Structure formats: structure tokens, C-alpha cells
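Working notes for the structure below.
The values are calculated or read from the model by the stated rules, or taken from the named source; none is laboratory data. Given the structure is predicted, the values throughout are model-derived calculations rather than measurements. Quick reminder, even Gly has a Cβ in these numbers, built from the backbone with ideal geometry, and neighbours come from all protein chains shown. These area figures cover heavy atoms from the full protein model, side chains too; ligands, DNA and RNA do not enter into them. Shrake-Rupley method; radii C 1.70, N 1.55, O 1.52, S 1.80 Å.
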Amino acid sequence: MKKKKMLRGIGVLILCLVLLPITALAAEEGAEVEYIPSMYATFWALVPPVVAIVLALITKEVYSSLFIGILVGGLFYSGFSFEGTLTHIFNGGFVAVLSDGYNVGILIFLVILGAMVSLMNRAGGSAAFGHYAKEKIKTRAGAQLATVALGVLIFIDDYFNCLTVGSVMKPVTDEHKVSRAKLAYLIDATAAPVCIIAPISSWAAAVSGFVEGEDGFSIFIRAIPYNFYAILTIIMMISIVLMKVDFGSMKTHEANALKGDLFSTGQAASGQEQETVNRKGKVIDLLIPIALLIISCVIGMIYTGGFFDGAGFVEAFSNSDASVGLALGSICAMILTIIIYLIRRVLSFTDCMKCLPDGFKAMVPAILILTFAWTLKAMTDSLGAAVFVADAVQKSAGGFMNFLPAIIFLVACFLAFSTGTSWGTFGILIPIVVNVFMNTNPQLMIISISACMAGAVCGDHCSPISDTTIMASAGAQCDHVNHVSTQLPYVIVVAVISFVTYIVAGFAQSPWISLPVGIVLLLAVLAVIKSRSEGNAQA
């Protein structure tokens, strides 16, 4: 009996000895502090986005450049461990950003937008509106202003804008001998610049999500009057049409268009297929879906903000989940559009269903870029890039704090131009701006966030690898190189004036002082350009 007890005691002792290391390890893991890489909040944290930028400039290809930047970030985070790198890139990167509810809502919204555009084009609504406008618009200036007006009207998303305005307005601008390069510029300039100042848009949703620790939507609204590049770009378009002034290579394209050569190449852009037009389509087949989309998205956003639970309209907008609201609104609009098309017998049910994969295919490039940009942001966040830059700016800015909005504008221009994506630039810079100004100067934070948005749109607007720029070329059926080269002088003029205006805003900290300064400068520059152009023509 004693022998059995002794053996039992020895067994318990052995079991305790075996379990002791496991218990200690579990306790250690439970108390383990979050892993911090050795390169956290150092200069090396900035290397991944810099690598992506340099490669994008060299290769002019954004997908591989962003992926290599992500890979570098994963290597730095894991200390060059093969397993750690793969785990962090996928679990902490791709899987994390694609499993985030907010991001998924944005992706759903993009896919539905693509399907809506495909539905309207297949139903013949876009072509019908083009023919209607062709009969009603009698002048060359009227055709261009109508293009601007339609671009401003379609403010929900820049891809939606590019894919719709071009197909609608091509017959009108062709009739009045407006060059395809000019059409592409008007499309491009009313895409991102309009979306970035529209509260009900995918851009507002994206920007709001990047403003962590603050009321992102409220900050977006307050930043609109300071978004000088977007506002001045719209004024620029209207001014050059009314003043009848063109410069740079665009002037040559417009002169050739008046002689009948819309492309300045002697022929249409290669690779363009003749569109088949649905003869049953009418103007309402374009207007009704657009109206449904806008109304449904507004209702979706205020629904997520608690409007139907008693919250006020403004309060509901401030508290709304833009990602969910836009996704809900767009899918309701798409369903209603399909029902209306079926009732009108414009499209069959089979044709409607074919538009769903077509819309998804159209948005694949945007989804890829957005996913890579989100993942690169996750890599830089895990390395503490925002912490490093915020500390550096706070320590070195000193008396130059008032110049930071102008500096941030330039940095955002460079980042967006290099990568071809505005949203990736938002993801990198906006959290840094918030950290720098959040507890020091809230008004300067609003101006700097707006400078970041304006700079990102400016860089994206003129970047040859930007998906929006590429879509604008495709929408106008304009040679892509022609589009980039002709619009670059226009972008540079507005960018320089915006930079000066941000210097004024950094000191005045009021849009009612700085914005009028920018408008006066822009009009003065255009007047000088027109005067010199007329003087050279007379000489």
C-alpha cells in the first residue's frame, strides 16, 4: 500500500515537473507585451513607401511596385525572418485589410458602381443622353460646359464619373469639334477633384476612415473650403472655356480639332472597339439610375447614423458609417434600376445579370490598387512610420509650423504622382497630420488634412500610372500619352497657385481670406497667358 502511494506521489511529481515549463510559458505568453520590431519608429520605417515610390517612377507600374514595398515592410517588421515576413504580410496585411468591415464596404461599393455603369451603357441610357444633348447644345463652349456640369453632377465616385461622362459626352464634343485630349482633361478634372469635396462619395468614406481618433466625417466637411486644388481646378475649367484660352500642347490639339482632326494623330486611338447602342434606351435610363444612386446613398448614410432612430439629419451624417451607408445605398439603387429596366423592357433579366461580372471586371484594377495601398499602409503602421514622422515634425518644425500645410501639399503631390493612387497617399499622410496637430492646433490640422487631400488629388490627376487618369483616357477614347502631356501644364498652373494659397492659409487660417487670394491669382495668370497668346498670334 505504501509502495502504491509512493509510486502515485512520484507520478504526480513527474507530471508537475512536465507541466511546469508549459504553465510558465503560457503565463509568459499571457503577460507578453505586444511585439515591437527593432526598426519601429525609426528612419527605416519610411523605407517601404519610398521603395514603392522609386520603383513606380522607374517601372511606371504600380502593382509590382506596391507589392515590393509591402515585402520590404514585412522583412523589416520580422527582422528578415522568412516565416515572420510571410505571416505578417498576409495575416497582418492582406488578410487583415480585406477582413476589415469598413474596407469591405468600400470594395462592395466599387463593384456595384461598375455594375451600374455597365447597366446604363447596355440599356442605352448613356448614348440616348448624348444624342439628346447633341440636339440641345449649339456651341463649342456649351459642349465643354455641359461636360463639366455632368462631371460635377456625378460626384459619387471618380471611376463612376470617368466611365460615364466620356460615353455620354463624346457625341456632343465631337459634333462641336472639341479635341479628345480636351474631353479627357475635362473628364479627369471633374473626377477626383469633385469627389474629394463631395461629402457623399467613396472618397469621403475613405478619408473619414483614415482620420483615426477623431470624427472623420466632420473633419472632412470642415476641410472642404481649404481644398484649394479641387476648388481651383473647377474654376480653371470654367475659366478656360469662357475665356477661350488654351496653352501648351493642348492648344495644338484644339487647333487641329477645329480642322477636323480630333485626335491630333490622324486617326482614332488604337484598340477602341465600336460600341453597340441599345436603340430602346432613353434619357431617363441614365437620369433615373443616377438619381436613385444619389438618393439611396444619402438615405443609406443617414440610416447608419441613426436618423431613423431619432437623430437629426446633420447629426446622422456626422455619426454615419460611410462605408456601410454607401454599400447599402448603391445595392438598393442597383436593384431598383434592374426592376425599372425590366418593367420598361429595355433589358432582359439575362442581360442585367451579365452586367454584374462586367462591372466587377471594370473595377478589378481599382480594387487591386486599393488592396495593395491598404496593405502598404498596414506595413508602415506596424513599423511606426507615423510615430517617427510625427516626432520629427514636432521636434524640427518650430517656427515653420505655419508653412507645414504648403509642405504637406508638395509631399502629397509627390507621393500620389509616384504611386498613381490618392488613397494610398491619404493612408500614409493623414494619420501623421492628425498626430502632429491633434493636441496643438486643431484649425491647422484641418488645413493640413485638406492640403494632404488636395496634394494627393493633384499628384493623382497628372500621374501617368494613375487608374483615374487611365480611365479618363479610355472614357474619352484618347491616346493616353496625349492626355497626360496635354493636361500636365494645366495641372501645374493650379498646383503652383494652390501651393501659394496654402502658405497664405497657414498664416491666415481662414478660407475667406486664402481662397479669394487663390482665385484672383488663377484668373490673373490665365489673363496673362491669354494676352501673351493673342500677342504671339498677331505677331
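Residues of region 164-195 with amide nitrogen under 20 Å from the 7 Å Cα-to-Cβ point of residue 259? Within reach of a label on residue 259: 174-183.
For region 427-539, the gyration tensor built on C-alpha atoms gives an oblate shape. Its axis ratio a/c (a ≥ b ≥ c) is at least 1.5, and a/b is not larger than b/c. Phi angles across region 517-528 convert, under the Karplus curve 6.51 cos²θ - 1.76 cosθ + 1.60 with θ = phi - 60°, into 3J(HN,Hα) values of 4, x, 5, 4, 4, 4, 5, 5, 4, 5, 5, 5 Hz, Gly and Pro given as x. Extending 7 Å from the Cα toward the beta-carbon at both residue 342 and residue 243 defines two label points whose distance is 5.3 nm. Backbone geometry of region 84-93 corresponds, through the Karplus equation with coefficients 6.51, -1.76 and 1.60 at θ = phi - 60°, to 3J(HN,Hα) couplings of x, 5, 4, 4, 6, 4, 8, 6, x, x Hz, x marking Gly and Pro. With a ≥ b ≥ c the root eigenvalues of the C-alpha gyration tensor of region 64-185, is it rounded (a/c under 1.5), prolate (a/b larger than b/c) or oblate? Since a/c reaches 1.5 and a/b is larger than b/c, the shape of region 64-185 is classed as prolate. Run the accessible area of region 110-204 with a 1.4 Å probe and give the carbon-and-sulfur part as a rounded percent. Carbon and sulfur: 61 percent of the exposed surface of region 110-204. Count Lys and Arg as plus one, Asp and Glu as minus one, and take only other residues whose Cβ is under 11 Å from that of residue 245; the net charge is then +1. Under the simplified labelling scheme, the residue 481-residue 50 pair shows an inter-label distance of 3.3 nm, with each label point 7 Å from Cα along Cα→Cβ. Roughly to the nearest percent, how much of the accessible area of region 413-480 is carbon and sulfur, given a 1.4 Å probe? Answer for region 413-480 is 68 percent, counting heavy atoms of protein chains only. Residue order by solvent-accessible surface for 532, 222 is 532, 222, largest first, with ligands and nucleic acids left out and a 1.4 Å probe.
Hey, can you find the accessible area per residue of region 78-182 for me, probe 1.4 Å, expressed in square angstrom?
Result: 35 Å² of accessible area for each residue.
Derived scalar couplings between HN and Hα for region 477-484 equal 6, 10, 4, 5, 5, 4, 4, 5 Hz in order, rounded to whole Hz, by the Karplus curve 6.51 cos²θ - 1.76 cosθ + 1.60 (θ = phi - 60°), x for Gly and Pro. Applying both filters, DSSP loop and at most 15 other Cβ atoms within 10 Å, to the trypsin sites (Lys or Arg not before Pro) of region 281-390 gives 345. Going by a ≥ b ≥ c, the root eigenvalues of the Cα gyration tensor, does region 288-342 fall in the rounded group (a/c under 1.5), the prolate group (a/b larger than b/c) or the oblate group? Prolate, because a/c is 1.5 or more and a/b exceeds b/c. Spin-label model, residue 42 to residue 360: label points 7 Å out along the Cα-to-beta-carbon direction sit 4.4 nm apart.
Among the listed pairs 244/280; 259/282; 182/530; 136/282, those with a Cα-Cα distance over 26 Å are 244/280; 259/282.
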